[in-house]
């Protein structure tokens, strides 16, 4: 394990935590700083692969790395922000709870496909707490003339948080876990009000992503290019994703 740590220390970028706050009942905000951030080629929707096992905690291989959305980036000052939820009580939750200002964070970039797409006229954002910061940065970077609708849900609405600038462009709903029927009911109300070319972003619970992807394709006859999905977590899986 020490051999792996030595390799990852060389591969992953070291960044310093300069701010940390608890912003909801189960979410921490951390800001990290590094000169390399000033020169990164960034598209809203990029992730970080964070080496949480590079600190003193003893972790198994499957818990060694976690993926986190970039909530905000300031290339002028060389900082980026993460919102990390702790309701799972997993290794990532323990890691962020123990981090202090001045600690190092080691990460590499992960680009993916769940990124900003400005090609539509109207957007529907659907997600739970795990996808919230990711949907915020995409919404914040859309042109001001875009129509944005939303279904952001949690079993406990107090777990949700405003965007990093203090605004809340989304509609929050308190719903049970895996609320596919409730979400589809709301989708039926929203979609007829969407104008022009449409795109939906669906993030969070893998069960919701699969069910809604099927619904938009088969029931609403949307083109697959209009449907962007990212399962941030799976109730039956632990590890890198």
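Laboratory data are not the source of any read-out in this text; all were calculated from the coordinates shown. Computed from a prediction, not measured in an experiment: that's the story for all the values here. For neighbour counting, all protein chains shown are included, and Cβ atoms are generated from backbone atoms with ideal geometry for every residue, glycine included.
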At 222 nm, what helix-only mean residue ellipticity would the chain give, in deg cm²/dmol to the nearest 500, using -39500 (n - 2.57) for each DSSP H run of four or more?
-5500 deg cm²/dmol
Which of these, 117, 205, 74, has the largest mean-square fluctuation under a Gaussian network model of the chain (Cα springs below 10 Å)?
74
Angle between the chain longest axis and helix 2-11 axis [Cα atoms, degrees, rounded to 10]:
60 degrees
At q = 0.14, 0.19 Å⁻¹, what is the log10 ratio I(q)/I(0) for region 23-149, with the Debye formula run over Cα points and no solvent?
-0.66, -1.14
In the chain, what percentage of the DSSP-assigned beta bridges are antiparallel, given to the nearest 5?
60 percent
Between residue 184 and residue 144, take the C-beta separation as r, use R0 = 25 Å, and let me know the FRET efficiency to the nearest 0.05.
0.25
FRET efficiency (residue 97, residue 177; Cβ distance; R0 25 Å; to 0.05) is 0.65
Spherically averaged projected area of region 166-241 from its Cα convex hull (nm²):
6.7 nm²
For region 96-241, report the % of Cα-Cα distances exceeding 27 Å.
22 percent
Label model pair residue 168, residue 193: point-to-point distance (7 angstrom along the Cα→beta-carbon line) in nm is 1.7 nm
Using per-residue counts of other Cβ atoms within 10 Å, averaged over each peptide, order 119-126, 100-107 from highest down.
119-126, 100-107
